[in-house]
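The values are calculated or read from the model by the stated rules, or taken from the named source; none is laboratory data. The shown structure was predicted, so the numbers you read here are calculated from the model rather than taken from an experiment. Neighbour counts run over all protein chains shown; Cβ positions are idealised from the backbone, glycine included.
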Amino acid sequence: MITSMQEALNRYVNYLEAERGLSPYTVRNYTMDLIGNYARGAEKGFFQFLRAKQVSSLDEVDKQVMRDYMSWLMSQGVVKSSIARKLSAIRSFYRYLVREQMVPANPLEKASSPKLDRRLPSFLTIAEMVRLLEAPDRTTPQGLRDRALLELLYAAGLRVSELESLNLEQLNIETNEIRVWGKGSKERMVLIGEPAAHALSNYLTHSRPTLLSKKKANAVFLNQYGGRLPARRIQKILDKCARKAGLEKKVHPHVLRHTFATHLLDGGADLRVVQELLGHAQLATTQIYTHVSQSQARKIYQSAHPMARKGDDEIGND
């Protein structure tokens, strides 16, 4: 048995990186759910809660401690989806600890997560997407970069971690293909259309050398100092472009991924093809987008079909 939380966490992080091959972005999310975010906001991390309750060892955690933690999160106004994510991270952490014989049992082995409210993913309309793509100032190196990354997020449905980690050797502009390593280091090929390929080629030719200056880097997207563009900066770029485009919706990278999937299905794409392009392990994960498409179909029906319009009581009467 061990009692050092830091030692257990260090071993767990090594396991996530070395054995499970998770991306730095995913490992960071797991870690933040366990230790909490000290940079901003109230302390809601699992380790922070244990410290506040004076629980000094991980093997002291039982079902009652976990129930208290869930109740405390709810009292702090944490939404159900965030609570479920935190519990998933703790469950995975304790499975590792049990496997390594650091603790005798997993306090969450048979516990259930809070039932989530089913919410349809947010996405942009085609008109909104066009406005967003036109927002960057293409007279500047940063603007050419921003247009290329927006085009790529929309054309390929990439996760922000996949965009952040993208290297030059993964691109094939001639065939409009990109080799991507997704969750669990699973490799897949994604396709991009001519607009995205043109924007990407334009950035690589006219913008990236300027940003790179005399430095050496194989990252596709660079910041102003020639280093790899981090996920947080990508989000700020989307915020800026969304404001400039006059969009009222909160636009983050996953919204563009949702938009990619929804527009494909609205255009008649097969669900399994979309699953492959998104890199979903389970078809059920992709099927939520069929609900989005059905919702869109209902709106079109209600606005277009004469018998669905409100107030048209005398349709058909001469």
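Quick rundown of the values:
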quantity: Residue that is nearest to Leu87 (Cα to Cα), among those in the range 15-55 that are modelled with pLDDT of 80 or more and of a type in the set (D, E, K, R); calculated: Asp33
quantity: Flag for Thr125 being β-branched (Val, Ile, Thr), surrounded by fewer than 23 Cβ atoms within 10 Å (Cβ to Cβ), under 18 Å from Phe260 (Cβ atoms) and free of Cβ contacts under 8 Å to residues at least 24 places away in the same chain; calculated: yes
quantity: Residue that is surrounded by the most Cβ atoms within 10 Å (Cβ to Cβ) [pool: residues in the range 254-270 that are small (Gly, Ala, Ser) and in a loop (DSSP other than H, G, I, E, B)]; calculated: Ala269
quantity: Qualifying residue in the range 178-197 (condition: under 25 Å from Leu265 (Cβ atoms), touching an Asp or Glu at 6+ places or on another chain (Cβ under 8 Å), of a type in the set (Lys, Arg) and touching a residue at least 40 places away in the same chain (Cβ under 8 Å)); calculated: yes
quantity: Looking only at the range 196-253, and only at residues there that are polar (S, T, N, Q) and part of a helix (DSSP H, G or I), the one that is nearest to the chain's Cα centre (by Cα); calculated: Gln235
quantity: Any hit, the range 106-113, residues being buried (at least 17 other Cβ atoms within 10 Å of the Cβ) and at pLDDT below 85; calculated: yes
quantity: Enumeration of residues in the range 51-82 that are touching a Ser or Thr at 6+ places or on another chain (Cβ under 8 Å) and surrounded by fewer than 19 Cβ atoms within 10 Å (Cβ to Cβ); calculated: Ser56, Ser57, Asp59
